[in-house]
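Values quoted throughout were computed directly from the atomic coordinates according to the rules given, and no laboratory measurement underlies them. The structure presented is a predicted model; accordingly, all values stated were derived computationally and were not measured. So basically every Cβ, Gly included, is an ideal-geometry build from the backbone, and we count neighbours across all protein chains shown.
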Amino acid sequence: MGTTLRKRLPLLTPIAVILALMLVGAAALLISSGQVLAAPPAQKPDNSLCLGCHRQAGKTWELPGGSAISIVVNPEQYDASVHANLACQTCHTNIATFPHPANSAQDARDYTLQYADTCARCHPDQVAETADNAHARVRQDPGNPNARNAPTCADCHNPHTQSLIQKDENGKLTGPEHAAAANTCAKCHNQIAQEYAQSVHGEGVLVNNNPDVPSCIDCHGVHNISGPTASGNLFRLTSPQICARCHTDESTMGKYGLSTQVLNTYIADFHGTTVTLFEKLDPDQETNMPVCFDCHGIHDIKRVSDPDGGIQIKENLLVTCQKCHPDATPNFPDSWLSHYIPSKDRAPLVFYVEWFYKILIPLVLGGMIVLVGSDIFRRATHRKARPAGPDAEEKTGR
Amino acid sequence: MSELRQIYYQRFSIAQRIEHLILILSFTILALTGIPQKFAQAGISEAIIALLGGITTVRIIHRVAATLFALEAIYHAFVIGYKLIVWRVEASMLPGIRDGRDVYDYFMHNIGLKKEAPRLPRYNFAEKMEYWAMLWGLILMGLTGFILWNPIAAARILPGVFIPAAKVAHGWEAVLAVAAIIIWHFYNVHLKRWNWAMIKGRLSREEMEEEHAGELERIEKGEIRPRPALETIRKRARIYVPIASAICLALTLVVLRFITFEETAIKTIPPAVEAGEVFSPQTPTPLPTAALTPTPAAVIEAATWDAGIGELFKAQCGSCHGSMGGLSLDSYVDALKGGSGGAVILPGDADGSPLVALQAKGGHPGTFSAADLEIIKAWIAAGAPEK
């Protein structure tokens, strides 16, 4: 045996070197491709040994703290999941034997948190995006009572059941995925989710599974979720741009007969001008200047024509104005042109004032330019102004 | 010609020149802080606003300058009233048909179609135009400015749409005023020749010739209306001054009331905190309880492999002890045959069967419930029948 190996060594060494180089190259390719670092093996592993026990419905594990977790993995669901080709041990690296090694988790949450860094091994980009998100900040804030509850990957993506996220040809999430996302957030943000469900967007996502309609993540981000409070006033000041992403897109808004003038009419107005300038010049500026959601609602955004609070109805708009202008009288809401560009039919007074100046300004300035031009012409031709002599006035009878 | 330059004619008193300086100051500040507000999205506007310390500061500066402008206007009204009523000076700033004729003559002369230029009066058409444009601007900007400054109060008496209309008028009127100052005032007073009248208060004879030939002639002919006797002035002033002072004081109070009426556009109150709990988890779904093992009494009665024992093994042990090799509990024959360590089921000897011993000890991945184990034991004790 020893001699055979020694004989073959000259032959084996180059092969081994080439193999090693190929491996390194493949790894480099995988890293540079971003998405999922370790491509899952093409063949299904044999997880039957583990599933033998863990497939049995109702199995739980009692933790010292008194809580219990379900340790059941449904083989059918797992097979349908995006991780179907991964062996259990890919993630559960410490469990190789039975009885399983002792685990220090004191309660169910402890156990989940033990796996907080596991996903990064294959999904480093996504995990990197989460590094400074609103949830990470809560988790890292020792003073926050919910620090432990801040979600890790697995809280949103159950690794045993997560299916491949469905996108259309443009990379846009499908309608059902929109709904799934909303339902995922609802697990911890139930109160907000209830409000959202009543909103025009919630109805579009949860009831109609319409992919055009925003779910939570369309406004708040997915892995880089930035909380409205965590980022100070910046979220408020930049929020009109979030709404504008869809509401200035003619191809989407056209389907629903919605105006795409909402952003420019807002920015042209006093409130929008101020917010825009604050955002650009002084992003930390605290402001009560309204952004889209102050009038239209945050999670409970209604149609403007909604009889229950829609702000197209003047009485409802007055109530909205009075949130910041408590002394506002019924005339006041008309000072806001409701995102309309003044025309003969809408705010004719504003329209005609604009017209008045469109005529007056060229007329006045044009006249001045003509007179100034004539004076320049006279001087250019080297003629000195020669007022008529005193006699001339008498002659002309002045 | 050069000796003519040495003769000067007084045009403006020191008080008038100070008034003009106040106008320069307030108008320039209003323009510098106002035009960037009108075109807020332009890069240069942003730069100016940033330089002045942000939009709120810009708005406050604009208001201070506007107040100065308004107070200057009240002072001016008082002085003009005094001159017209007490001194009975000619209302030389009043426009007339003559000014229209002067414009025409001036233009025709400039383009060479008329030999002689018009003989212009004390205030020529160019100056009258500026003066009355300023007055028009003052009234329009004052009214629209008041609406924008106090939108809540304005909406109490006016339809709400007056507020955006005022904004449009205020902005475009400002553009018109600034452009007119640049084109008309700067050209006529600074570019075509530097006019010192508002600094030094006087014009040379040559300048008078060109711009106020009519006035010059009247001065030289001694046609200027003389100031009334001191006694007359005193008598008139005794009536004018108290009345005009009262009116101006009232106007000043009105201005002060207006500028302190509302802080709508410049006050920033902290944004309302959104109600509602951010972290409000759904009630967790209770963990599923173990599915009930199918252990009908019938199984005990007919405790044979085919009548249920086989199913019991398959459900509890089948995933490992199936076709994977080693001990198989898939079929009756395999079950009795046992694994590599020999038989695990010894028919008739329940307690001696290794399977029972292992299950009784606990800790095996698949563990029968106590009830199920009793059934298994009974079945082995009965000889582990197949049928």
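Details
- Positive-end ranking of B:THR285, B:THR57, A:PHE293 along the dipole of the protein assembly as shown, with charges on Cβ about the Cα centre, is headed by B:THR57.
- Dipole in debye (nearest 20) - chain B, about Cα centre, beta carbon charges: Lys, Arg +1; Asp, Glu -1: 3600
- Of B:TYR187, A:TYR196, the sequence from fewest to most neighbouring Cβ atoms within 10 angstrom is B:TYR187, A:TYR196.
- Taking the longest Cα principal axis of chain A as reference, the axis of helix A:175-186 is set at about 80 degrees.
- Our note on the geometry: Cα centres of region A:205-263 and region B:211-232, 73 Å apart.
- The mean number of Cβ atoms from other chains found within 10 Å of a Cβ in peptide B:70-83 is 0, as a whole number.
- Ordered by the count of other Cβ atoms within 10 Å of each Cβ, fewest first, B:VAL241, A:VAL291 give B:VAL241, A:VAL291.
- All aspartates and glutamates inside 13 Å of A:LYS384 as judged from Cα atoms, apart from same-chain residues fewer than 8 positions distant: A:ASP375, B:GLU116, B:GLU206, B:GLU207, B:GLU209, B:GLU210, B:GLU211
- In chain B, the longest principal axis of the Cα atoms and the axis of helix B:370-381 are about 20 degrees apart.
- Rounded FRET efficiency, nearest 0.05, which uses the C-beta distance separating B:MET93 from B:ILE219 and R0 of 25 Å: 0.90
- In plain terms, the residue of B:THR260, A:THR161 with the fewest other Cβ atoms within 10 Å comes first and the most crowded comes last, giving B:THR260, A:THR161.
- Dipole axis of chain A (+1 Lys, Arg; -1 Asp, Glu on Cβ), positive-most option in A:HIS382, A:PRO240, A:PHE278: A:HIS382
- Cα-centre dipole for the protein assembly as shown with unit charges at Cβ (Lys and Arg positive, Asp and Glu negative), debye to 20: 4360
- Centroid-to-centroid separation of region A:151-166 and region B:322-361 [C-alpha atoms, Å]: 40
- Summing +1 for each Lys or Arg and -1 for each Asp or Glu among the other residues whose beta-carbon sits under 15 angstrom from that of B:TRP149 gives +3.
- For chain A, the longest principal axis of the Cα atoms and the long axis of helix A:314-324 meet at an angle of about 80 degrees.
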